[in-house]
Amino acid sequence: MKRWVKWALVLIGAVAAAAYVVWNTQRPLAAELIAVKPQTVSLDFTEEGIVEAAVDRPVYSPLGGTIAELPVEEGQRVAKGTLLARIDTKDLEYQLARLKAQRTSLEGQKDKSFQELGQQVQQQQLVLEEVRRQLEQSRQDYQRTKGLYEAGAAPKTDLDAAEGKVKQLENEQSQQESKLQLLQAQASGVTPRGAPGGTGTAATATTATEAYFQGMIEEVDAQIRQVESRIADSRITAPVDGVVRELNVKPGMAVDPQSLLMNLTGTGGYRVGVYVLTEDVLYVKPGMKVTLIQKRKDGDYRFSGTVTAVAPSAVEKVSTLGLTEHRVKVTVQPGENAPDLRPGYAVDVEFRVLEQANKLAVPKTCLFSFGDGDALWVVRDGRARIQKVRKGMETDQLVVIAQGLNAGDLVIKNPQLEGLKEGKRVAVGPPTQ
C-alpha cells in the first residue's frame with residue numbers, strides 16, 4: 001500500500017477518535033434520579049417476643065417440712081382457693097398443745113398466788129383487830145390509872161407506864177394498818193367488791209403480781225398465735241385461677257422454707273415479653289402502639305398491641321450469633337384483634353419510634369463526604385451540581401435532609417457513577433419515586 005494511503009487512514013482514524021471523544025464528553029450522562037418530596041420518616045425495628053401468661057405465680061412453701069398432701073397434678077386447672085399442697089404439722093401441733101398447757105398452768109399459778117394473798121389479808125385483819133382490842137383496853141387502863149394518880153392513890157410511875165403502853169399500841173396499830181393496806185392493794189387486782197379480804201373498792205388496780213403473771217400469759221399467747229399461724233400456712237392454696245405447671249415436689253418429699261413447689265399459670269389473658277437493645281429502648285414508652293406479627297403458613301398475621309411496661313434495668317442476653325448483649329424487657333398487651341395465643345408462642349414485635357412527618361429524605365447511599373460536611377449530587381438545568389447539606393434524623397435506610405434541599409429537587413442516586421463530575425450534562429428521565 002502506498003505511503004500516502006496509510007497516512008490518510010491514520011488521519012481518518014485520529015479524526016474519528018477525536019470526534020468520538022468530543023461526542024462522548026458532550027453526551028448527557030445516564031443516571032438514576034430521585035425526585036425529593038415530603039414524606040413521613042420513622043425509625044422502625046423488629047424484635048422477637050414470647051407470649052406469657054398475664055398472671056404467672058410461683059408457689060413457694062412458707063415453712064419447712066414434709067409434703068403430707070399433694071392433691072394436684074401438672075397441667076391441672078384449679079380455681080382460686082383450691083388446696084395445692086399441705087405440709088405435715090405434727091411437731092407444730094405438739095408444740096401448740098404444750099403452749100396451751102403452759103398457759104393453763106400460769107392461770108392456775110396466778111389464781112393460787114392471789115388466793116394466798118387473800119388468806120394473808122384475812123390473817124392481817126385478825127392481827128389488826130387484836131391490836132385494836134389491846135389498844136382500847138390500854139386506854140381504859142390509862143384513864144383508871146390517871147384517876148388514881150389525881151386522887152393520890154397511884155404513883156407517877158404507874159401513870160407514865162400506862163401512857164407509854166397506849167402510845168406503843170397506837171404505833172403498833174398504825175404499822176399493822178399499813179401492812180393490811182399493802183396486802184389489800186396486792187390482792188385488789190383480782191378481788192372484787194364485797195369479797196372476803198376485799199377493800200370495798202372496784203378491782204381496777206394493777207399490782208406487781210398481776211403484771212408479772214399477765215406478762216407471762218401474754219408471752220405464751222403470742223407463741224400460741226405464731227404456731228397457729230404456721231399451722232394455717234401449712235395449707236397452701238391457689239392464689240388465682242390457673243393451670244398447674246412445673247410441679248417440683250412429690251408426697252413425702254422434705255422441703256425447706258421458701259422452696260419452689262410449682263408454678264401457676266393464670267387463665268386471665270396473655271401478654272408478650274420482648275427484650276429490646278438498650279440503645280433502642282430509650283424511645284420505647286408505656287402506652288406506645290406496636291404491631292405484632294404471627295408467622296403462619298398461609299401468610300403473616302398482623303395485629304396491634306400496646307406497650308404496658310418497660311423494665312427499670314437491663315439484663316445480659318446472648319444473641320443468635322453468640323454475642324452478649326444488654327437488653328431491657330418490654331411488656332406488650334395484645335389488642336382486641338389478637339389471634340389465639342398460648343404461653344411460649346413466638347411473635348415478632350415491630351416498633352415505630354421517632355416518627356417525623358413532612359420531611360425531605362433520601363437514601364443514605366446518596367450522600368458523600370465533602371469538605372467538612374456532607375453533600376449530594378443534584379441535577380439543575382440538566383447538569384450535575386454538588387449540593388452541601390445538613391443531615392437530620394437517620395434510619396437504617398433513609399436520612400432526613402434538614403438543610404440544602406427543596407421539594408422537587410432531583411438527586412443522583414449513585415454518587416460514585418462513572419463520569420460524574422461538576423457541570424456534567426445529565427439525561428433527565430422519569431425520576432425514581
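Points to keep in mind about this one:
- In region 234-256, of all residues being over 16 Å from P71 (Cβ atoms) and under 21 Å from the mean Cα position of the chain (by Cα), the one that is modelled with the highest pLDDT corresponds to P239.
- Any hit, region 327-344, residues being modelled with pLDDT under 90, closer than 26 Å to D56 by Cα and crowded, with 17+ Cβ neighbours inside 10 Å: yes
- Residue in region 202-216 that is modelled with pLDDT of 90 or more, farther than 16 Å from V55 by Cα and among the hydrophobic types (A, V, I, L, M, F, W, C) present: no
- Top-ranked residue in region 359-395 [being touching a residue at least 24 places away in the same chain (Cβ under 8 Å) and part of a loop (DSSP other than H, G, I, E, B); ranked as nearest to F45 (Cα to Cα)]: T395
- Of the residues making up region 249-264, at least one is open to solvent by 40 Å² or more (accessible area, probe 1.4 Å), over 24 Å from E93 (Cα atoms) and not β-branched (V, I, T).
- Qualifying position, being among the polar types (S, T, N, Q) and in contact with a Ser or Thr (Cβ under 7 Å, 6 or more places away or on another chain), among T265, T306, T291, T320: T291
- Among residues of region 212-224 that are charged (D, E, K, R), those with a Cβ under 9 angstrom from a residue that is open to solvent by 40 Å² or more (accessible area, probe 1.4 Å) and assigned to a helix (DSSP H, G or I), sequence gap 6+ or separate chain, pair up as D221/R103.
- Test: F303 is of a type in the set (F, W, Y) and either touching a residue at least 40 places away in the same chain (Cβ under 8 Å) or open to solvent by 70 Å² or more (accessible area, probe 1.4 Å) (or both): no
- Taking the criterion of being among the hydrophobic types (A, V, I, L, M, F, W, C), out of contact with any helix residue (DSSP H, G or I) (no Cβ under 7 Å at 6 or more places or on another chain) and outside any loop (DSSP other than H, G, I, E, B), the residues of region 224-275 that qualify are A232, I236, V243, V244, A254, V255, L260, L261, M262, L264, V272, V274.
- Lone unmet requirement of (1) open to solvent by less than 80 Å² (accessible area, probe 1.4 Å); (2) without any contact (Cβ under 8 Å) to a residue 24 or more places away in the chain; (3) of a type in the set (D, E); (4) closer than 30 Å to G269 by Cα for D348: (2)
- Residue in region 356-375 that is under 30 Å from the mean Cα position of the chain (by Cα) and farther than 23 Å from Q39 by Cα present: no
- Any chance R98 is among the basic types (K, R) and closer than 30 Å to Y212 by Cβ: yes
- Residues located in region 267-287, provided they are of a type in the set (A, V, I, L, M, F, W, C) and either within 10 Å of V332 (Cβ to Cβ) or open to solvent by less than 40 Å² (accessible area, probe 1.4 Å) (or both): V272, V274, V276, L277, V281, V284
- Condition check for V51: in a loop (DSSP other than H, G, I, E, B), out of contact with any helix residue (DSSP H, G or I) (no Cβ under 7 Å at 6 or more places or on another chain) and of a type in the set (A, V, I, L, M): no
- Region 306-322, subset under 18 Å from T46 (Cβ atoms) and surrounded by fewer than 15 Cβ atoms within 10 Å (Cβ to Cβ), residue modelled with the highest pLDDT: T306
- Residue in region 176-193 that is exposed (fewer than 12 other Cβ atoms within 10 Å of the Cβ), modelled with pLDDT of 85 or more and not hydrophobic (A, V, I, L, M, F, W, C) present: yes
Conditions tested, residue by residue: (1) in contact with a Lys or Arg (Cβ under 7 Å, 6 or more places away or on another chain); (2) among the hydrophobic types (A, V, I, L, M, F, W, C); (3) under 30 Å from I224 (Cα atoms); (4) touching a residue at least 12 places away in the same chain (Cβ under 8 Å).
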{"residue": "P62", "(1), (2), (3), (4)": "no, no, yes, yes"}
{"residue": "R98", "(1), (2), (3), (4)": "no, no, yes, no"}
{"residue": "Q102", "(1), (2), (3), (4)": "no, no, yes, yes"}
{"residue": "K112", "(1), (2), (3), (4)": "no, no, yes, no"}
{"residue": "Q123", "(1), (2), (3), (4)": "no, no, no, no"}
{"residue": "R133", "(1), (2), (3), (4)": "no, no, no, no"}
{"residue": "R139", "(1), (2), (3), (4)": "no, no, no, yes"}
{"residue": "A162", "(1), (2), (3), (4)": "no, yes, no, yes"}
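- Strands (runs of 3 or more DSSP E) fully within region 55-155 that include at least 3 residues being open to solvent by less than 50 Å² (accessible area, probe 1.4 Å): 65-69, 83-87.
The values are calculated or read from the model by the stated rules, or taken from the named source; none is laboratory data. Not measured: the values here are computed from a predicted model. In this analysis, Cβ positions are derived from the backbone assuming ideal geometry, glycine residues included, and neighbour counts consider all displayed protein chains. Each accessible area value is taken on the protein alone, full model and side chains, heavy atoms only, with ligands, DNA and RNA left out. Shrake-Rupley method; radii C 1.70, N 1.55, O 1.52, S 1.80 Å.
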